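A short worksheet on the structure shown next.
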Amino acid sequence: MNTKIIRKELQITGLIQGVGFRPFIFNLAQDLKLKGWISNTDTGVSIEIEGLPDAIAGFLDRLQQFPPVHSHIKSLLIIEHEYYGYVNFELRSSTTQGKKSLFILPDIAMCSECQKDILDPTNRRYQYAFTSCSQCGPRYSIISALPYDRVRTTMQDFPMCANCQHEYDDPTDRRFHAQTIACADCGPSVQLTNKSGQIIESDVAAIKQAAEALKQGAIIAIKGIGGFQLLVDANCKTSVARLREKKYRPEKPFALMCKDMPQVRSIATPSAQEAQMLQSVAAPIVLLNKKRAGFMLAENIAPNNARIGIMLACSPLHHLLLSYLSAPVVATSGNISNEPICIDNQQALEQLGQIADVFLIHNRSILRPIDDSVVQAVQGSEMLIRAARGYAPIVIKLPKFKAKLLALGGHLKNTFALASEGYALISQHNGDLESLATVQGFKQNITDLSTLVQHQTDLLVQDQHSDYASSQYGDELSQTPCVTVQHHHAHLLSCVAEHGVTEPLLAVVWDGAGLGEDGSLWGGEFFSLENKKITRIASLREFSLPGGSVAIKEPRRTALGLLWEFMGDSLFAQTDLAAIQTFSKHEQKLLNQVLKKQLNTPRCSSIGRLFDCVASLLGLCQISTYEGQAASRLEQCINGCQLSDSYSLLWRKQNDLIRLDWQPLLENIMKDLAEGIENSIIACKFHNTLVESIVDRVHGSGLKTVVLSGGSFQNSYLTEAIIKRLTAINVKVFWQQKVPCNDGGLALGQLLAVIQQQEFKTCV
């Protein structure tokens, strides 16, 4: 047995700050009778341990096999040193002299132990709305600088009382070195105010009165973890209608917040996987199937929708509020339509005063706006749709690249991303860049995150579409070199980057629209990727969009654009078509001329727009009030139909490109409609036809690996059917899970395009 004392230095990077990592190491060292120290650094943690070889070997084994539950070690460097003679093991102050880490912990939902604390009358944190420990609480939303310590968070405004300090210093306490530790004697406090900011009640009384106001039909603005939310009683149809009116949100589904899983199961039918997602540390909104036996809440929460988004309470304030209510609450972003969510009390009073009746606020500052994340289950795996609270910022490993990159993402569902040292750091969801306020918020978030990790950009990357607000911001930063990446190339490379795919592959990129290399709008594309070269090998047949961007919001126009291609003037004689019936005679005459003369009718190859067309033909949606409405209704129209039948496919050669001809598909759909075939059967056959189109291209390409990307793959029926079908013929399928398949994933793909030196253009 070796009894010689040895010393090792450990340099560790990863998600290891804010997860109880230092307390874990301290207690592990104490248990194994090791001496030395641990300290947070700009890049992770530094550790020195001294002791017997067997004890150090046991330390390293337990560190790697059983780290803290929320931690993730990315790298571990071990350096041998001469014996020093440490007399104990200590937690040293953080050092701030090195380069900053890209690994920043997202906000963590309230843990079960803290839930017990706030509901236990004997506990000193009973009903305290800011209870947390080393395993839960806000992180990213309150960090002002790295490394993560209380003095570099908004908790610095709340000096610890003697009792909290004792817990903070006690290695046996779960609040040992918990940076967000607080209690009613020293921490943040809650107030209920009117629209003028006058305090009505404080602390527990404020929460109780807010609950009573909800029961009476009020709209409550509540300051959450990453910003304000607007809440109403989910039982009250009138309150939901008021919220819709004030938010200018006529039909888009609202999400619900429930207090526990029994309440969730009274509304929806979560699978085991979905239940796990609901109860995860991220506490996201999970898209669930409503109970078929009857939706017992206000029907205008998610009208004409078989699914509903549900989340569990993520903070102690939400837990306490819901404990005083018998019903769930509708919970939506606390913002004016098309603007960022409010994070400041005064800002909320000014902007949300026209919506909310009362305000449940607190005095802990939020440093950056973070919305609620949205996920769904696909083939037993979690699929991220909106990356925000609990997930963002997201770290993805990339090939090494010397320069520091900033990818600006797209126009809708924007995220941006930073890259350095072989990793990408993807921002939280910034929303659609459709308003000046949202664009300003996008710019501020770039500055904020770049400052936080001390990122000095060497090269900008943006979409080729010059009208995107993100691209226009890239143009503003004219002193920084800039390149552009084609929209759908970025989509496919986003999936490649997430999964680290290296083999030759067929990429299917389906979405609403993105500017193609030929100047038309793409969106139904098949690419090969071999030796880092992307080749467009197939596409949906092009068609016209009468009215351009107007057609994107009016599926009825898209339907006319497709039908005109093979019906011409006779189209407007088809008065039995649902799309035709929605236009006046005068409008029909104008549209006929627009299509005949091809005035403001950009050409498009988008699967997303094909979904719009079919939804219009089936009478499901003629004018969309929110993005993706028509496609969503078409998916849900399937309504459990189990048919495996599909419509016939026709491929045509066009120069070097193979085109999927949609005409036979539409002709057969119209024939089924004329024969009175149920919409659910038509919708099912339509989806199955798209699945078979992919199978055909796999056979035609000879490739045995497929990646799926683009917003169309948010359609869970479509994605699951494709995965099952391709897996059955021994084809390897990759789809996006950790990064959104919609435009929220573009920034990651833009980064990989540059790193792989794909064909791109210098910004003009």
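The values are calculated or read from the model by the stated rules, or taken from the named source; none is laboratory data. Owing to the predicted nature of the structure, the values given are computational and were not obtained by experimental measurement. We place every Cβ from the backbone using ideal geometry, glycine too, and count neighbours over all the protein chains shown.
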Query raised in the report: Do we find a residue being assigned to a loop (DSSP other than H, G, I, E, B), within 33 Å of the chain's Cα centre (by Cα) and at pLDDT 90 or above anywhere in the range 85-106?
Result: yes
Report task. Go through the range 616-644 and give me each residue that's in a loop (DSSP other than H, G, I, E, B), modelled with pLDDT of 95 or more and farther than 24 Å from residue 741 by Cβ. Result -> 618, 619, 622, 623
Report task. Please enumerate the residues belonging to the range 612-623 that are surrounded by fewer than 22 Cβ atoms within 10 Å (Cβ to Cβ) and not aliphatic (A, V, I, L, M). Result -> 619, 622
Query - Search result, residues across the range 181-218 that are in contact with a strand residue (DSSP E or B) (Cβ under 7 Å, 6 or more places away or on another chain) and under 14 Å from residue 129 (Cβ atoms) - result: 188, 189, 190, 191, 192, 201, 202, 203, 206, 207, 209, 210
Query raised in the report: Does any residue of the range 415-438 turn out to be touching a Gly at 6+ places or on another chain (Cβ under 8 Å), more than 20 Å from residue 106 (Cβ to Cβ) and buried (at least 23 other Cβ atoms within 10 Å of the Cβ)?
Result: no
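Let's see how each residue does on (1) among the β-branched types (Val, Ile, Thr); (2) closer than 14 Å to residue 231 by Cα; (3) without any contact (Cβ under 8 Å) to a residue 40 or more places away in the chain; (4) surrounded by fewer than 21 Cβ atoms within 10 Å (Cβ to Cβ):
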residue: 284; (1), (2), (3), (4): no, no, no, no
residue: 287; (1), (2), (3), (4): no, no, no, no
residue: 290; (1), (2), (3), (4): no, no, yes, yes
residue: 316; (1), (2), (3), (4): no, no, no, no
residue: 334; (1), (2), (3), (4): no, yes, no, no
residue: 340; (1), (2), (3), (4): no, no, no, no
residue: 345; (1), (2), (3), (4): no, no, no, yes
residue: 350; (1), (2), (3), (4): no, no, yes, yes
Query raised in the report: Taking the range 540-553 on its own, how many of its residues are out of contact with any Cys (no Cβ under 9 Å at 6 or more places or on another chain) and surrounded by 23 or more Cβ atoms within 10 Å (Cβ to Cβ)?
Result: 1
Report task. Quickly run through the range 534-552 and pick out the residues that are touching a residue at least 24 places away in the same chain (Cβ under 8 Å) and assigned to a helix (DSSP H, G or I). Result -> 551, 552
Report task. Kindly provide the set of residues from the range 505-556 that are among the small types (Gly, Ala, Ser) and over 27 Å from the mean Cα position of the chain (by Cα), ordered by number. Result -> 519, 520, 528, 538, 539, 544, 547, 548
Query - Filter result for residue 513 (aliphatic (A, V, I, L, M) and at pLDDT 95 or above) - result: no
Report task. Output the number of the condition that residue 61 fails; it satisfies all remaining conditions of (1) surrounded by fewer than 18 Cβ atoms within 10 Å (Cβ to Cβ); (2) touching a residue at least 24 places away in the same chain (Cβ under 8 Å). Result -> (2)
Report task. Kindly list the number of the only condition in (1) touching a residue at least 12 places away in the same chain (Cβ under 8 Å); (2) surrounded by fewer than 15 Cβ atoms within 10 Å (Cβ to Cβ) that fails for residue 479. Result -> (1)
Report task. Give the range 660-704 a look and list any residue that's basic (Lys, Arg) and either part of a loop (DSSP other than H, G, I, E, B) or in contact with a strand residue (DSSP E or B) (Cβ under 9 Å, 6 or more places away or on another chain) (or both), or say none. Result -> 697, 704
Report task. Have a look at 135, 156, 191, 165 and point out the one that is surrounded by fewer than 23 Cβ atoms within 10 Å (Cβ to Cβ), within 31 Å of the chain's Cα centre (by Cα), modelled with pLDDT of 95 or more and over 27 Å from residue 355 (Cα atoms). Result -> 156
Requested in this report: Look at residue 298 and say whether it is over 18 Å from the mean Cα position of the chain (by Cα) and in a loop (DSSP other than H, G, I, E, B).
Outcome: yes
Query - Which listed residue is within 19 Å of residue 306 (Cα to Cα), out of contact with any Leu (no Cβ under 7 Å at 6 or more places or on another chain), among the small types (Gly, Ala, Ser) and in contact (Cβ under 8 Å) with a residue 60 or more places away in the chain, from 631, 683 - result: 631
**Report entry** Selection status of residue 671, out of contact with any Gly (no Cβ under 8 Å at 6 or more places or on another chain) and without any contact (Cβ under 8 Å) to a residue 24 or more places away in the chain
**Finding:** yes
Query raised in the report: Here are some conditions: (1) modelled with pLDDT under 95; (2) surrounded by 18 or more Cβ atoms within 10 Å (Cβ to Cβ). Residue 295 meets all but one. Which one does it not meet?
Result: (2)
**Report entry** Residues that are in contact with a Pro (Cβ under 7 Å, 6 or more places away or on another chain) and over 16 Å from residue 180 (Cβ atoms), drawn from the range 105-122
**Finding:** none
Query raised in the report: Can you spot a residue in the range 16-39 that is of a type in the set (Phe, Trp, Tyr), assigned to a helix (DSSP H, G or I) and within 24 Å of residue 425 (Cβ to Cβ)?
Result: yes
Report summary line: Checked the range 34-66 for anything closer than 14 Å to residue 77 by Cα and either of a type in the set (A, V, I, L, M, F, W, C) or not assigned by TED's automatic domain parsing to the domain that holds residue 10 (or both); matches are 45, 47, 49, 60, 63
Query raised in the report: Given the residues 112, 71, 94, which is the only one that is in contact with a helix residue (DSSP H, G or I) (Cβ under 7 Å, 6 or more places away or on another chain) and free of Cβ contacts under 8 Å to residues at least 60 places away in the same chain?
Result: 71
Query - Among (1) assigned to a loop (DSSP other than H, G, I, E, B); (2) β-branched (Val, Ile, Thr); (3) in contact with a strand residue (DSSP E or B) (Cβ under 8 Å, 6 or more places away or on another chain) - the single one residue 330 does not satisfy - result: (1)
Report task. Would you check if residue 287 is assigned by TED's automatic domain parsing to the domain that holds residue 272, at pLDDT 95 or above, more than 24 Å from residue 636 (Cα to Cα) and outside any loop (DSSP other than H, G, I, E, B)? Result -> no
Query raised in the report: Restricted to the range 537-585, and to residues that are under 30 Å from residue 701 (Cα atoms) and of a type in the set (Ser, Thr, Tyr), which residue is modelled with the highest pLDDT?
Result: 539
Report summary line: Just one listed residue, out of 633, 609, is surrounded by 24 or more Cβ atoms within 10 Å (Cβ to Cβ) and among the charged types (D, E, K, R), and it is 609
Report summary line: Out of (1) surrounded by fewer than 16 Cβ atoms within 10 Å (Cβ to Cβ); (2) under 18 Å from residue 616 (Cβ atoms), the one residue 675 does not meet is (2)
Report summary line: The residue from 8, 4, 74, 33 that alone is surrounded by fewer than 18 Cβ atoms within 10 Å (Cβ to Cβ) and either of a type in the set (A, V, I, L, M, F, W, C) or closer than 30 Å to residue 397 by Cβ (or both) is 74
